[in-house]
Structures are given as structure tokens and as C-alpha cells.
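Here, each number is a calculation from the coordinates, and none is a lab measurement. Remember, predicted model here, so these are calculated numbers, not experimental data. Glycine also receives a Cβ, built like all others from the backbone with ideal geometry; neighbour counts cover every protein chain displayed.
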Amino acid sequence: MSKLMNRISNWVTSTPFWKAVFRHGYEDTARNRSLTTFSNVLYHLHPVKTRRESIKIRYTWCMGGTSLLLFVILTVTGVLLMFYYVPDTRRAYQDIKDIMTVVSFGSTFRNVHRLAAHGMVFTVWVHMTRVFLTGAYKPPREFNWIVGVLLLVLTLLLSWTGYLLPWDQLALWAITVGTKMAAATPFFGVEGPFGAELGMRPDNDVKFMLLGGTEVGQNALLRFYVLHCVVLPLFVVVFLAVHFWRVRKDGFSGPL
Amino acid sequence: MPEKSFEVFPRSPKKTYGLMELVKGTAPGVEKEPEDTTFTWPNLFYNEFLMALAVTALLLFLSLYVQAPLEEEASRDTTPNPMKAPWYFLGLQELLVFFDPWIAGVALPVLIMIGLMLIPFLDINPKGRGSYTFSERKFAVTNYSFGMALWVVLIIIGVWFRGLDWNWYWLWENGHVHKPVAAGLGDLPVMFSRNLGISDFAGKAISDLLMLAYFAIGLIIPAWFFKGFFKRLGVVRYITTMVLFLIMVGIPIKIALRLVFSIKYAIITPWFKI
């Protein structure tokens with residue numbers, strides 16, 4: 001029996017199709033270890049060899065990787081939620097109710113999405129603190145620190161734009177508080193310093209641009225939805241690519 | 001000749017490179033590398049995989065017990081009291097008590113982000129890269145920790161200690177009973193002119209000068225006492241660092257002025273107030 005299994009497995013792994021997909025063998029050799037990292041599009045974000053000290057959890061706290069994992073989880077659960085949610089003020093709230101009560105595993109996905117979002121704000125913040133405390137922003141990594149700060153801003157904006165989507169009291173008034181601040185922007189907000197002097201009105205200032213109106217309504221919901229589901233995630237992906245690429249180019253910080 | 005038997009590939013006079021040596025081994029780098037490296041597969045992937053499993057399991061487990069909140073449908077007819085932003089913005093919302101919205105909501109967040117981005121260019125101390133150290137970079141670590149602590153404390157206050165009308169409620173107090181309206185606040189220039197019996201203009205001048213003095217003294221004293229620090233940084237870096245630092249320290253100072261002396265504004269101009 002095992003002979004037969006061996007013959008079958010030998011035949012399968014020798015077919016042109018198998019060899020086209022898997023470029024190297026499974027034996028534990030240095031070559032295969034290198035190729036595993038090297039010949040996989042996801043794994044090859046890593047170098048083939050890493051410094052022993054840099055791998056230690058007590059050095060990295062795993063926070064950057066966890067932030068990425070949470071972003072992936074958020075994307076997956078977010079796409080699932082998008083199947084059931086319409087950004088229309090007349091039905092958005094009911095859609096969330098359906099997700100919580102009717103949709104199979106809907107409440108799980110919504111709960112995971114929310115927890116992961118809060119978690120990501122936290123892990124990005126802790127990751128930044130780790131990078132600061134280990135001096136990992138010092139030359140040659142200055143630019144990657146800036147990219148990291150931009151990713152922090154994007155994380156906060158993503159979390160904040162998602163806050164409006166359930167269209168409940170919590171959402172409406174949290175965003176009302178937040179966008180009131182936009183009206184107070186110096187120069188560009190009607191209530192901000194020099195705003196009125198520069199011709200800002202409630203219907204042409206930066207808050208109006210953000211909300212698509214003078215108060216949080218249908219236009220604001222649609223804008224926040226598009227920002228939350230398309231625009232901001234795209235920016236995050238672009239900056240993530242730069243972030244990881246710079247880590248490879250500048251080398252991983254860590255004890256020398 | 002005995003050497004000839006070892007020459008696997010004969011040297012070519014036309015090439016600048018050649019095979020130097022053949023050695024036995026299992027990995028490309030046979031001698032010990034200058035850096036103590038190890039294969040990413042499986043050593044690093046192992047950590048990452050376990051962490052991913054743990055985080056995903058934790059999320060799924062928590063999702064069974066922590067329900068995402070869903071309140072009444074959005075309505076302009078009822079305004080919740082207090083209105084709270086998401087927790088990560090409650091630090092800024094808390095600052096709204098002490099500053100006008102253009103400072104708390106716009107200027108300070110922008111300054112925080114710019115300040116963070118400037119860190120690598122302001123901190124030119126080459127020490128402490130790749131390890132945790134306090135003794136080699138006391139100012140940098142103290143500075144960052146102070147900012148983080150301020151941020152976290154403000155968030156904690158916003159989440160747990162603010163209730164109706166954004167008043168302070170201890171956890172054991174009844175959160176449904178309104179607090180009496182606090183005593184009125186005054187402005188620093190008016191206080192000066194009233195208490196010292198001087199003109200409004202002189203009162204304003206004193207408070208403006210105090211503000212200028214805060215920054216002037218804050219810039220001059222450290223440069224005087226830490227000459228090495230000043231020289232290492234140079235004028236531009238030093239001034240940028242110290243101004244950002246003084247603004248950060250100014251936040252708890254303004255909070256203290258308000259809480260201890262009931263001062264609402266320290267600086268009054270026709271266009272904005274601080």
C-alpha cells in the first residue's frame with residue numbers, strides 16, 4: 001500500500017504541472033530553505049536569511065506583523081460585510097441589523113471587523129513606540145519612519161470613516177463632533193481663524209467638502225463609505241508596499 | 001606541477017573574475033558570517049505563523065463575547081449627552097475643554113504628525129540604534145514617553161471620567177444626575193488689568209509678554225546649560241526641537257492654568273484666542 005502511495009506521489013510530483021507550480025523539493029536542505037522564501041511571492045517579502053537577534057519576540061513584539069495581519073483580516077471581513085450593506089441613510093441601519101441577526105455568521109464578521117479595527121489602531125501605535133525605543137528610525141531608515149507615520153494617519157482615518165457606516169446615534173454624533181473640528185480649521189474652515197476673512201462660508205469650506213453638505217447626511221454617508229472601502233485602503237496598500245520595500249532595502253534594524 | 005590539479009577552471013587573462021576556491025558545506029556561506037543570521041524559513045515564519053494563529057483565535061474568541069454596539073437609528077431629534085468620539089480621538093476631544101477647536105482639533109493633531117515625522121531629522125544622536133537603551137538617549141526617550149503618557153492619560157480621562165455635559169464623573173458617581181454649572185472662567189489679560197489696577201492694554205501686554213517669555217526662556221536656558229546639546233544640534237534643529245517640545249509641555253501648563261486659576265484664555269487677538 002505504501003509502495004503504491006509512494007509511486008503515486010512520485011508520479012504526481014514529477015508531472016510538468018506540479019513542477020510548474022512548485023519550483024523546489026521538500027527535503028530539508030539549505031537550498032530548499034532558501035527557495036521556499038525566495039520563490040514565493042508572499043514569503044519573498046522576507047530576506048532568505050535573517051539575523052537571529054532580530055527575530056526575537058522581545059525585540060519586535062510582533063507588532064508590525066500583527067498590524068498587517070489585522071489589516072488583512074479587516075479587508076476580508078470588510079468585503080463580506082459589503083455584500084450586505086448599502087450606504088443609503090434609509091436602509092443602512094436596517095442592513096446592520098440584518099447582519100447582526102439574519103445573515104449567517106454576520107454578527108461574527110461584524111464583531112471581528114470592529115475588534116480588529118480597534119486592535120489595529122492599538123498595534124500600529126505600539127509598533128511605532130517599539131520602533132522609537134529601539135532607535136530604528138535613525139539613518140538610513142528616516143524615510144520609512146515618515147511612511148510609518150502616514151500609515152498611522154491612514155489607520156486612524158480608516159477607523160474613523162468606518163465609524164459612521166452603521167448609521168446609529170453613536171455614529172452620527174461621533175462624526176458630528178469630528179467634523180465640527182473641520183469647520184474650525186484655520187484659513188479653510190468657516191469658524192476657524194482667518195476663515196471668514198478668506199471668504200469661507202458654511203457651504204464652501206473644508207467641512208462642506210468632507211460631508212458633501214452642511215450636516216452629516218446622505219452625501220456624508222456615501223463619501224465616508226467610498227473613502228472607507230476604496231480610497232483609504234488603496235492608499236494603505238501603496239504605502240505598505242513602500243514600507244516593506246524600504247525595510248528590505250534599508251535592512252532590518254536590530255542588535256549588531 | 002602539483003598546483004595544476006587544483007585548478008578546476010583555468011584563469012582567463014580576458015576576465016576580471018574567476019573561481020577562487022571550492023569548499024565543502026551545506027549552505028552558501030560556509031564560514032561563520034559577520035552577522036549571526038539564520039534561515040527565515042522556518043525560523044521567522046514559525047514566529048509569524050504562531051502569532052497569526054494566536055491573534056486570529058483571540059479575535060474569534062472575543063467576538064463571541066464582545067458585541068459590536070448598535071444604538072438607536074441615527075436621528076437629529078435626540079442629541080446624546082455626552083457626545084463622544086471614538087476612544088483614539090478622545091485625547092483631542094478632552095483638549096477641547098482647554099483649547100478652542102482650531103487648536104485641539106486641527107493645529108495640535110497636525111503639529112503632532114509633523115513633529116513625529118521630523119523625529120529622525122531632529123534626533124541626530126547615532127547611539128541606541130537596534131537596542132533598547134535609556135542611558136544613551138535620555139532626552140529622546142523622556143520626550144517621547146512624556147508625549148505618550150499625556151496622550152494615554154487624556155484618553156483614559158475621556159473614556160472613563162467624562163459624563164453628562166462633559167463634566168468629571170468618578171466611576172462610583174451617578175452618571176444620570178447633572179452637575180451644577182461650574183464657576184465662571186476669566187481671561188488672563190482681564191485678570192491682570194483688574195487685579196493690578198492697570199489699563200486693558202497693559203494687561204494684554206503683560207500676558208503677551210509672558211507667552212513670549214515662556215518660549216524665550218525655554219529656548220535660552222537649555223542652550224545655556226547644555227552647550228554640548230546645542231552645539232551638536234545646530235541652530236535650526238535646536239529651535240525646531242525646543243519649540244515643538246515647549247508646545248507639548250505647554251499643553252499640561254494650559255490645563256493647569258485652567259484648573260488652578262480658572263483661566264480660559266491667556267492670549268486674546270481679534271482673530272483667535274489661546
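From the alpha carbon centroid of the stretch A:84-98 to that of the stretch B:205-274 is 49 Å.
Sorted from longest to shortest, the spans of the Cα atoms of the stretch B:186-274 along the three principal axes equal 46, 25, 24 Å. Taking the inverse of the mean 1/r over every pair of distinct Cα atoms in the stretch A:87-237 gives a Kirkwood hydrodynamic radius of 17.4 Å.
Taking a virtual spin label 7 Å from the Cα of B:I217 along the C-beta vector, which residues in the stretch B:246-270 bring their backbone nitrogen under 13 Å of it? Label zone hits: none. Which order do B:W151, A:W145, B:W168 fall in if you start with the one that has the fewest other Cβ atoms within 10 Å? Ascending number of Cβ neighbours within 10 Å: B:W168, B:W151, A:W145.
Working from label points 7 Å from Cα in the Cα-to-Cβ sense, the A:K249 to B:F272 distance is 3.6 nm.
The alpha carbon radius of gyration of chain A, expressed as a multiple of 2.2 N^0.38 Å, is 1.34.
Reported value for the stretch A:172-256: 154 Å³ per residue, from the convex hull of its C-alpha atoms. Taking each DSSP H run with n ≥ 4 as -39500 (n - 2.57) and averaging over every residue of chain B yields -17500 deg cm²/dmol at 222 nm.
Given the C-alpha centroids of the stretch B:55-71 and the stretch B:102-173, what is the distance between them in whole angstrom? Cα centroid of the stretch B:55-71 versus Cα centroid of the stretch B:102-173: 28 Å apart. Exposure here means at most 14 other Cβ atoms within 10 Å; with trypsin sites (Lys or Arg not before Pro) in a DSSP loop as sites, the longest stretch of chain A lacking them is A:92-256. A Gaussian network model of chain A, with springs between Cα atoms under 10 Å, assigns the largest mean-square fluctuation among A:P202, A:P87, A:P166 to A:P202.
Normalised by the residues of chain B, what does the relative contact order come to in percent, with Cα pairs under 8 Å and at least six apart?
17 percent
Size of the dipole of the stretch A:51-250 about the Cα centre, Lys and Arg at +1 and Asp and Glu at -1 on the beta carbon, nothing else charged, in debye to 20?
So the dipole magnitude of the stretch A:51-250 works out to roughly 1020 debye.
With the Kirkwood sum run over all distinct C-alpha pairs, chain B has a hydrodynamic radius of 25.5 Å. Label positions at A:H24 and B:A183, each projected 7 Å from the Cα along the C-beta direction, are separated by 7.5 nm. Dipole size of the stretch A:139-256 about its Cα centre, with +1 on Lys/Arg Cβ and -1 on Asp/Glu Cβ: approximately 480 debye, rounded to the nearest 20.
Using alpha carbons only, the radius of gyration of the protein assembly as shown set against its Kirkwood radius gives Rg/Rh = 1.06. For B:D36 and A:L157, the FRET efficiency from 1/(1 + (r/R0)^6), where r spans their Cβ atoms and R0 equals 60 Å, is about 0.90.
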